[in-house]
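The values are calculated or read from the model by the stated rules, or taken from the named source; none is laboratory data. Worth saying up front: this structure is predicted, and the values here are computed from it rather than measured. For neighbour counting, all protein chains shown are included, and Cβ atoms are generated from backbone atoms with ideal geometry for every residue, glycine included.
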Amino acid sequence: MNQRHSLSVRLWHWINAAALIILFMSGLNISNAHRYLYWGDYGFDPADAWTSVMRFPGWSTLPQYYDLAAARDWHSLGAWLFSVPLLAMWIVMLVNGHFWRDIRASRKEWRIGSLRDEVAAHLRGKFGLLQSGYNGLQKIAYGVVYAVLLPMMIFTGLAISPGFEPAAPWLVDILGGRQSARSLHFIFAWAVFGFFVIHVAMVLLSHPLKRLAGMVTGGRDKESGFD
């Protein structure tokens, strides 16, 4: 049997996990500097905010005390660890066919009936509906994360970066303004966090030791489930 997870996938998985943890925790520290979100180009007055967020406790932030400068340094480090491997991973997935072969969902898998059946199966604790590879629900989830959530985290992050904005003001305009980009960055970050929680939960509910071993050693292509 061939390995189910190639070396490139496994390396990217663990580097991406570390980068996202750094990004998320340092981002919470940055959020504590101003806990209000706005739409458009400008936003300073809490009365103009569309929402406010909680002040995150020190144990959930990086560093674990309020330090905006240090948090931005950690965020920049996490951004490089996140964006460069993501670009490399996309190139590898397109070149070796992993995206088209294993992740791209077919029209049948997008149908409401198919999605309903797979959601129902997951709720009953049956996570592997295929003999090998990913089931339709997994393909759609991974496709949305790879093609939408992760790239949009990068684009919105660049748009709110003071050093990048002068070089590409069109990106800020496309996103509806700098404050809109900041709000979208916050939304996409929490969407990725939601996927992360579901991902970990599915692994813990479906042979966790085997899943973890597979992501370390490569596993076998006969295995199925939420990896």
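Filtering region 109-125 down to residues that are surrounded by 12 or more Cβ atoms within 10 Å (Cβ to Cβ) and closer than 15 Å to L205 by Cα, which residue is modelled with the lowest pLDDT? The extreme case among them is H122.
Taking each residue of region 144-161 that is under 14 Å from F186 (Cα atoms) and looking for partners that are polar (S, T, N, Q) with beta-carbon atoms closer than 7 Å, six or more apart or interchain, yields I154/S83. Close Cβ contacts (under 6 Å, 6 or more residues apart or on different chains) running from residues in region 189-208 that are of a type outside the set (G, A, S) to residues that are surrounded by 13 or more Cβ atoms within 10 Å (Cβ to Cβ) and outside any helix (DSSP H, G or I) comprise M202/F226.
Among the numbered conditions (1) in contact (Cβ under 8 Å) with a residue 24 or more places away in the chain; (2) of a type in the set (S, T, N, Q); (3) in contact with a strand residue (DSSP E or B) (Cβ under 8 Å, 6 or more places away or on another chain), the only one that S52 does not meet is (1).
For region 151-162, the criterion of being at pLDDT below 90, surrounded by 14 or more Cβ atoms within 10 Å (Cβ to Cβ) and in a helix (DSSP H, G or I) is met by none of the residues. Residues that are out of contact with any Ser or Thr (no Cβ under 7 Å at 6 or more places or on another chain), β-branched (V, I, T) and surrounded by 14 or more Cβ atoms within 10 Å (Cβ to Cβ) within region 62-103 comprise just one, I103. Considering A69, A88, the condition of being under 24 Å from L7 (Cβ atoms) and aliphatic (A, V, I, L, M) is satisfied by A88 alone.
Considering F196, F188, the condition of being surrounded by 17 or more Cβ atoms within 10 Å (Cβ to Cβ), aromatic (F, W, Y) and under 19 Å from the mean Cα position of the chain (by Cα) is satisfied by F188 alone.
On the basis of being over 23 Å from S76 (Cβ atoms) and either of a type in the set (D, E) or at pLDDT below 80 (or both), does L204 make the cut? Taking the combined requirement at face value, the residue does not satisfy it. Residues in region 8-61 that are over 30 Å from M93 (Cα atoms) and aliphatic (A, V, I, L, M): L28, I30, A33, L37, A47, A49, V53, M54. For region 27-36, the criterion of being in a helix (DSSP H, G or I), surrounded by fewer than 18 Cβ atoms within 10 Å (Cβ to Cβ) and out of contact with any helix residue (DSSP H, G or I) (no Cβ under 7 Å at 6 or more places or on another chain) is met by no residue.
Going through (1) in contact (Cβ under 8 Å) with a residue 40 or more places away in the chain; (2) surrounded by fewer than 14 Cβ atoms within 10 Å (Cβ to Cβ); (3) not in a loop (DSSP other than H, G, I, E, B) one by one, F24 falls short only on (2).
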